[in-house]
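Enquirer: The structure is given below, and queries will be raised subsequently.
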Amino acid sequence: MRGIIKNFGGQRGDPIRVPDAEAAAARSGVLDAKQRLKMFDALEAAGISWFWATDDTGALTYLSPAAIGKFSDDRPVIGEHLGSLVETVEGSDSANRTRPLTFLLSARTTFTDQPVRLAGSIASDDTESGTWWALTGKPQFNKNGDFQGYRGSVKDITAMYHAELASSRAAEYDSLTKLANRHRMSRRLTTVLNAYRVEKRSCALLMLDLDRFKQVNDTLGHPAGDELLRQVSQRLEQIVPDGAEIGRLGGDEFQIILPDEDDRGKLGELANRIIQMISQPYSIEGSRAIIGTSIGIAIAPYDGIEPDELVKATDLALYAAKGGGRGQFRFYSNDLKESAEDRREIEEDLRDALAQGELEMHYQPAVDAKSHHVRGFEALMRWNHPAHGAISPVTFIPIAEDSNLIDELGEWALRQACEDAAKWPDEITVAVNVSAQQFVSDNLPKVVENALAASGLPAKRLELEITESVFMGDVDATDQMFKKLRKLGVKLALDDFGTGYSSLSYLRRAPFDKIKIDQSFVRGCAQDDNSSAAIITAIVSLARAMNMATTAEGVEALDELKCIAGLDADLVQGFIFSRAVPQTAVLEKLESGELRYEPVGPAKHRSSRKTLFRRVGVIHEDHHYSAMLRDLSRTGARIEGLVDVPVGTQLVLDLGEGQLVVGTVRRSQDATQGLSFETPLVSDGAGGLCTRHRVSPYMLAAAGMPLRALPPGHYAIPGQQGTTASTPKFMQVDVNAGSLRAG
Ligand code: C2E
Ligand code: CA
Ligand code: CA
């Protein structure tokens, strides 16, 4: 505000018209009282300056009529205390801080260009609006030195004040969403981190990137995209706790600075709430749109001390969250750096894979649930990488989606699959997976049509498998796409049903011929999980009522097959009949004339339970041992490597990166112990687990370690460093990961 006032000396009103005689008198320097009064009137009338005066109590005795006009009509002005007519507003920045006018008046000091706002000239607490004046005042004393009141001038600075405020806001805030802009966020982060380093406080940084925002922008247009961003901002402001600062860094990227938060349990909950809130449908100019968001989280001082370190860490975490299938959050961890590099390498190689002939389509049969006769094949893409060997589509399809390669790969898959299927018997169909990204491209119907024409495959023999994520984005455009594809005569299947956003309302909206029930239900069904069986039954009967067929996916074991057969699904697909095989193998099978598949598999599903073979530190008293982590759950772990540790012993597991977990030995046999944790672990957003809190680098610094984000490896608890070992309590045996893996 002070800055604003300084600049405004240059403002000029209309030229003052002063009668000639008076002008002459003025030039000569002699003005009588009458002339002076006229001059005063002229100045006032020209609006160059308005005048005011108070009595010794501060009550207004005079105010230029034009200035009085600025108050609402029913408000008394003359006779009112000046301090009640105008208010001084304290800005949030120290540069804007002003002393209250009442203070200045009672101090009877001279003041110049004191900015004030007319009381009642704003509706809310919004510092930007209202009428602003700059008041100059000089106390008046009589001959005896008694205070008589004030006299002074008023300038209306409203326009200038608003203009300056707007430009200073433009430098700091995003005009679209009114959130802080990149510049302000980066300054804030630097300020917070610098202050917190001294005070040994923590600060979380969240980075958000909207999923499928581009889709909405492209299909509904930029004004709709802008509106969506505004609504997203409003939702964020509702969820984010007090004290946090939200910014929009540009495009569909948002950042949140959350001071004094390092509890990963709470941060994970907040991230989940944000994800849920952002994924609720939006109403935009009469259209409905659905988007999602991915979130990366890093926490100072653990993941970075300097602002740029912390920002880089959140970026990597966000990158991993997006790679993990979107709609997820991720905490930063040191190994993300490595996987980000792998990803970049894959992306580069993928650009050439098609041209190099490294991609291939394989086919997995879908058989009739009762007769086990083959009805069709699902085409699944395979990549034989010259150096890394086979790379799973689970890895490379999301990368292709992110790097705009999916259209090219998808088109090739369609052409190849149609060409191969054209060589199969007439009644056998081919199913091709279509990524949601391809689904929004206007080209898709043409691409499908061309693939059919080139191969001569009748449209009804081609089935497109689509996941629920196509329902994100613009609803009308999605419906249009469904119509166009239907018109071509191809079949449509809803893939992975029951995962993700799953809503039965999708079934009503879209004309599917088939629902593919996700493998997780098949797994659950055989494991006496009644809810899985009930869900399958519900899906099957619903599908039947709507004239849709059902496929149970991922059947591996005989008990699963039996369970599925009992639930009336039409088709079955899974390793129990066959994995995906090359076209040559399909042709061999078909030429044999034997169109049935025999179920071959284990009696029961063997869970490919993620057994961990991670080396961890174990701390007991003042000894740091090394052990293998065999199993990890929220509430406990199994470790191998220490011999004969008695039940009841308290151990501290060092999971790396400052994650220490206190546990008690509950079971112990030879070199293996089962531990239960004092404090449960929390989700790391990636299906893994992490501790809520970590050992702070500040603590390590206090113990003599250099202050920097924690190194990946294990370290001793501060205070125990350098303690030379008394005899260790337990014997440590060397279990190595390789031998365990082989066993
Ligand atoms: P999806 O469409 O759900 O395909 C089924 C996946 O389950 C395939 O994995 C298949 O090999 C696997 N599977 C089949 N039977 C069993 C079983 O009994 N047990 C287990 N554990 N797995 C079984 P795959 O080939 O690795 O493909 C993974 C995903 O990659 C596919 O999931 C699909 O979403 C995507 N994908 C594959 N090919 C393409 C493609 O050409 N285009 C697009 N856009 N996505 C593709
Ligand atoms: Ca599929
Ligand atoms: Ca599937």
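The values are calculated or read from the model by the stated rules, or taken from the named source; none is laboratory data. All of these numbers come straight from a predicted model, not from anything done at the bench. Note: ideal-geometry Cβ built from the backbone for every residue, glycine included; neighbour counts use all protein chains shown. Just so you know, the surface numbers come from the protein's heavy atoms only, side chains and all, with ligands and any DNA or RNA stripped out. Shrake-Rupley method; radii C 1.70, N 1.55, O 1.52, S 1.80 Å.
Enquirer: If segment 197-327 were replaced by its equivalent ellipsoid, with semi-axes equal to the square roots of 5 times the Cα gyration tensor eigenvalues, what would those be, largest first, whole Å?
Expert: Semi-axes (√(5λ), whole Å): 28, 14, 13.
Enquirer: So, one more: I'd like the accessible area for GLU360, computed on protein heavy atoms only with a 1.4 Å probe and all protein chains in place. Round to 10 Å², please.
Expert: Rounded to the nearest 10, the figure is 70 Å².
Enquirer: How many percent of Cα pairs in the chain exceed 50 Å?
Expert: Value for the chain: 39 percent of Cα pairs lie more than 50 Å apart.
Enquirer: Moving on to the next point. Let me know the shape class of segment 346-490, please: from the alpha-carbon gyration tensor, a ≥ b ≥ c as square roots of the eigenvalues, rounded when a/c is under 1.5, otherwise prolate if a/b is greater than b/c, or oblate.
Expert: oblate
Enquirer: Which residue, LEU267, ILE515, CYS418, has the largest displacement toward the positive end of the dipole of the chain when charges sit on each Cβ (Lys, Arg +1; Asp, Glu -1)?
Expert: LEU267
Enquirer: Roughly speaking, what is the stretch gain from GLN234 to ARG108, that is 0.36 nm per residue apart minus the C-alpha to C-alpha distance, in nm to one decimal?
Expert: Full extension of this stretch gives 40.7 nm more.
Enquirer: At a probe size of 1.4 Å, how large is the accessible area of SER441, to the nearest 10 Å²?
Expert: Accessible area, nearest 10 Å²: 30 Å².
Enquirer: With each label point set 7 Å from Cα along the Cα-Cβ vector, what nm distance links SER592 and GLN732?
Expert: Inter-label distance under the simple model: 5.5 nm.
Enquirer: Determine the relative contact order of the chain: mean sequence separation of Cα pairs under 8 Å and six or more apart, normalised by residue count, in whole percent.
Expert: Relative contact order of the chain: 8 percent.
Enquirer: Would you calculate a helix-derived [θ] at 222 nm for the chain, using -39,500 (n - 2.57) for each DSSP H run of n ≥ 4 and dividing by the full residue count, to the nearest 500?
Expert: -11000 deg cm²/dmol
Enquirer: Could you point to the residue in LEU462, LEU205, THR191 farthest towards the positive end of the chain's charge dipole, with +1 and -1 charges on the Cβ of Lys/Arg and Asp/Glu respectively?
Expert: THR191
Enquirer: To test your reading of the geometry: what angle, between 0 and 90 degrees and rounded to tens, separates the Cα axis of helix 475-488 from the longest principal axis of the chain?
Expert: The angle comes out at about 30 degrees.
Enquirer: With every protein chain present, what is the per residue accessible area of the chain (1.4 Å probe, Å²)?
Expert: Accessible area per residue, the chain: 48 Å².
Enquirer: Given labels modelled 7 Å from the Cα in the Cβ direction, how far is it in nm from ARG187 to ARG634?
Expert: It is 4.4 nm.
Enquirer: Right, another one. Computed FRET efficiency, Cβ-Cβ of ARG667 and LYS604, R0 35 Å: what is it to the nearest 0.05?
Expert: The value I calculate is 0.90.
Enquirer: Next question, about the same structure. On a full-extension model of 0.36 nm per residue, what is the gain between ASN384 and LYS200, subtracting their alpha-carbon distance, rounded to one decimal in nm?
Expert: So the chain would gain 61.2 nm between ASN384 and LYS200.
Enquirer: Another one. Subtract the Cα-Cα distance of ALA534 and GLN650 from 0.36 nm times their separation in residues, and report this length gain in nm to one decimal.
Expert: The ALA534-GLN650 span can extend by a further 37.4 nm.
Enquirer: In whole percent, and with a 1.4 Å probe on the protein chains, what portion of the accessible area of the chain is carbon and sulfur?
Expert: Whole-percent figure for carbon plus sulfur exposure: 50.
Enquirer: Given GLY137, LEU700, GLN583, which one lies farthest toward the positive end of the charge dipole of the chain, if we put +1 on the Cβ of every Lys and Arg and -1 on the Cβ of every Asp and Glu?
Expert: GLY137
Enquirer: Another question about this same structure. On a 1.4 Å probe surface of the protein chains, which of LYS487, LYS143 comes out largest in accessible area, and what is the full order?
Expert: LYS143, LYS487
Enquirer: Still on this structure: How do the peptides 653-660, 556-563 rank, highest first, by the average count of neighbouring beta carbon atoms within 10 Å per residue?
Expert: Ranking the peptides 653-660, 556-563 by packing returns 653-660, 556-563.
Enquirer: Just how large is the dipole of segment 342-591 about the Cα centre, in debye to the nearest 20, putting +1 at every Lys and Arg Cβ and -1 at every Asp and Glu Cβ?
Expert: Dipole magnitude for segment 342-591 comes out near 940 debye.
Enquirer: Roughly how many debye, to the nearest 20, is the charge dipole of the chain about its Cα centre, given +1 on each Lys and Arg Cβ, -1 on each Asp and Glu Cβ, and no other charges?
Expert: That gives the chain a dipole magnitude of about 1300 debye.
Enquirer: Compare MET39, MET472 by solvent-accessible area with a 1.4 Å probe and give them largest first, with all protein chains kept in place.
Expert: MET39, MET472
Enquirer: Please determine, in degrees from 0 to 90 and to the nearest 10, the orientation of helix 393-402 with respect to the longest principal axis defined by the Cα atoms of the chain, where the helix direction is its Cα long axis.
Expert: Once rounded, one gets 30 degrees.
Enquirer: Let me ask something else. For each pair in LYS214/LYS312; LYS516/LYS562; LYS214/LYS487; LYS423/LYS514, compute the distance between the two Cα atoms and list the pairs where it is over 22 Å.
Expert: Table pairs above 22 Å Cα-Cα are LYS214/LYS312; LYS214/LYS487; LYS423/LYS514.
Enquirer: Kirkwood Rh over alpha-carbon pairs of segment 342-591, then Stokes-Einstein at 37 °C and 0.692 mPa s: what D in µm² s⁻¹, rounded to an integer?
Expert: 176
Enquirer: Could you give the angle, 0 to 90 degrees to the nearest 10, between helix 33-46's Cα long axis and the longest principal axis of the Cα atoms of the chain?
Expert: That helix lies at roughly 20 degrees to the long axis.
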